[in-house]
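One structure below.
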C-alpha cells in the first residue's frame, strides 16, 4: 500500500486542476498584457483566479498578486513593506518559529540595518503575546507571524495579534504566512486585520511554482523585482498563466466543501493520534491538542530512535512522512521549531511529522498504525539507548 | 558572495547502504563481550555501542547497537563485518576510506557517521589493549 502523509511539504496535483491547466499550455497560451483575443483570454483567466482566491480570504480580487510561490510572496511582503516604510521605523517583529522563507529574509534585513525582534513561543508553540505588546515601539513598522506552524501544527492567535496592532497609535503593517493554514483553517483578512498574506498552490493540490500575496489596498510597498510590467505593477514579468489557472481551480476545489474536508482531516488526525498513543510507548506529542491544532498535522517524537531511520523504514513500507531529525537535512542541526518549544535535541532527532490531505483515507491510517509500531519497536531493539538509562 | 552549488550526492545513499539499512548485520547486544565501547552523543543525533569478543588477540565476533540514521546503521554493519576474524592491531588500522569504499561511497554529509563507527571500533580496541596491559589478556568468558 502507498500512503502519502507529507502533504505539508507538497501535494499531488488534483486531476481537475491538471485538466483545467492543460489548455493554457498549448491552445490558450497568450500573454495577458495584449489586447488580441488570445491575450485577453489569458488575462480573463488570471482575473478569474484572483476572484476565486480573494473570496476564500474575504479580500477583493485586485488585492491578489500572483508570485512564484510562498517563498517569493514572503520575501516580497516583508522586504517590500520594510523598504517602503523605512522612514516611519526600522523595527520588525517576527517569531522564532517562522519558516526559513521568513527568517532568512529577516536576517538579510538585519544586515541592511533593520532591527528585528524574534518572539518566543511556549512549549506548544504559541507566540508570546505579552512580549509582543512589550516590544512594540514607535519604530515598529511590520509584524510578520505565521498562521499555522508548518512543523507542529499550532494555530496562532492571528486575530489577537491583529487586534493588538490595531490598538496602537500608529499604523503597524501585519504580514501573515498562511501557507500551512490555507484551506485548512478559516482566514478572514478583515477580521484578522491582516495587510499582507502569503499562500501557496502546491500545498492545496495545485501546481508547484505558483503562490499569491494578498496585499491590502493602500499598503505602501516597494517592488523587489524589476522588469516589464504585465498585469501587476508591483510584480513584473510574464504571468505563469497555466499555474495561476491551476491555483484558482485548486482553491475552488478545496473551498467547495471546506467544512467537510476539514472534518474529514480532523477525523483522520484524531484517529492517527489515538492509535499512536495507544500502540507506542515513550512518545512525545509536539504542538497542542484539540481545536488549536491544524486538522492536517500530527507530530510525535519516538524516544531512543532517530528520525531518519524511521522515515526510511516507513518509506520501505510505502509510507511517506517528514522528520525533524538533523540527519535528514543539510545542516545537521535539529529543527529550529522543536528547539524553540524546548524539545531536547536527543528527542528532536526522533520527531516524525505526518501531514494529511482531504484525499487520505481511514484505511491508510489503519495501515500506518500497523506498520509504524513495528518500525519503532525494531529500531528500539537495536538502539543503545534504553528507557532505564534516562 | 561566491556561488556555492549543493550537490545532490551530498545526501544520496548507495544501494549497498540501503541494503545494509534494510537488513543490518551483527546488530544487537552481545552477551559476555571481551570489550565494549560507546561513542557519540544522542544530543547530536547519533550514538553507537560496539561489542567485541577477542581470543588470542583475534576478533572472533563483533556486534553493535545504533541510535542513528541509515548511514550509521550501515557503517556499523560494515565495520563489524570487516573486523571479524582480524587481529586487533589490524582492526585498529582499518581506515574510514576502506569502510566508505566497501559501502559504495558515503554521501558527503554522512561521512561523520562512518567516522563514528570507526571511532567506536578504535575505542573498543584500545580498551582491549589497556585491559591487557593492566591484567594480562582479558579472558573471554565462556
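I need B:51, A:29, A:354 ordered by Cβ neighbour count within 10 Å, fewest first.
On the way: B:51 22, A:29 13, A:354 28.
Going from least to most buried by this count: A:29, B:51, A:354.
Once the piece of chain linking residue A:292 and residue A:44 is laid out straight, how much longer is it, given 0.36 nm per residue of separation minus the C-alpha distance between them?
Details: separation 248, 0.36 × 248 = 89.28 nm, distance 3.85 nm.
Net length gain for the segment: 85.4 nm.
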- [ ] Would you calculate the separation in nanometres between label points at residue A:191 and residue A:9, each defined as 7 Å from the Cα along the Cα-to-beta-carbon direction?
- [x] 3.4
Task: Fewest-first sequence of A:265, B:108 by Cβ atoms within 10 Å of each Cβ - done: B:108, A:265
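Given a cut-off of under 8 Å on Cα pairs at least six residues apart, what relative contact order in percent is computed for the range A:15-255?
Numbers: 471 pairs, mean separation 67.1, N = 241.
So the answer I get is 28 percent.
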Task: Scattering curve values for the protein assembly as shown, log₁₀ I(q)/I(0), Debye with Cα scatterers, q = 0.09, 0.11 Å⁻¹ - done: -0.74, -0.99
Task: Computed over chain B: relative contact order in percent, which uses C-alpha pairs under 8 Å that are six or more apart - done: 30
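Summarise the partner chain shielding of B:13-24 as one whole number: the mean count of Cβ atoms from other chains within 10 Å of each residue's Cβ. Spell out each step's value before the answer.
Working: counts 1, 0, 0, 0, 0, 3, 0, 0, 5, 3, 0, 2.
What the average comes to for B:13-24 is 1.
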- [ ] Using only atoms on other chains, find how many Cβ atoms lie within 10 Å of each Cβ of peptide B:57-69 and report the average.
- [x] 4
Task: Approximate spin-label separation residue A:225-residue A:112, in nm, with each point projected 7 Å along Cα-to-Cβ - done: 1.6
Open item on the list: Under a crude label model (7 Å from the Cα following the beta-carbon direction), how far is residue A:217 from residue A:270 in nanometres?
Closed with: 4.2
TODO: Assuming R0 = 22 Å, can you tell me the calculated FRET efficiency for the pair residue A:234 and residue A:36, based on Cβ-Cβ distance, to the nearest 0.05?
DONE: 0.30
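Quick one: B:50, B:111, fewest Cβ neighbours within 10 Å first, how do they rank? Mind showing how you got there, number by number?
Details: B:50 31, B:111 15.
The order, fewest Cβ neighbours first, is B:111, B:50.
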Task: Structure-based [θ]222 nm, chain A - -39500 (n - 2.57) summed over DSSP H runs of at least 4, per residue, nearest 500 - done: -12000 deg cm²/dmol
Task: Mean Cβ count within 10 Å, highest first, over the residues of peptides B:76-82, A:223-229 - done: B:76-82, A:223-229
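Can you compute the helix-only [θ] at 222 nm over chain B? Use -39500 (n - 2.57) per DSSP H run of at least 4 residues, normalise by all residues, nearest 500 deg cm²/dmol. The partial results should precede the final answer.
Working: 5 runs with 60 residues, N = 142.
Value at 222 nm, helices only, nearest 500: -13000 deg cm²/dmol.
When only C-alpha pairs under 8 Å and at least 6 residues apart count, what is the relative contact order of the range A:269-341, in percent?
Details: 53 pairs, mean separation 15.6, N = 73.
Relative CO of the range A:269-341 lands at 21 percent.
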Task: Average beta carbon contacts from partner chains per residue of A:342-351, 10 Å cutoff - done: 3
Open item on the list: Among B:93, B:119, B:58, which one shows the highest mean-square fluctuation when chain B is modelled as a Gaussian network with alpha-carbon springs under 10 Å?
Closed with: B:93
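Read the figures in this text as sums done on the coordinates, not as results from a lab. Being a predicted model, the structure only gives us computed values, none of them experimental. Don't worry about glycine lacking a Cβ; one is built from the backbone with ideal geometry, like all the others, and counts go over all protein chains shown.
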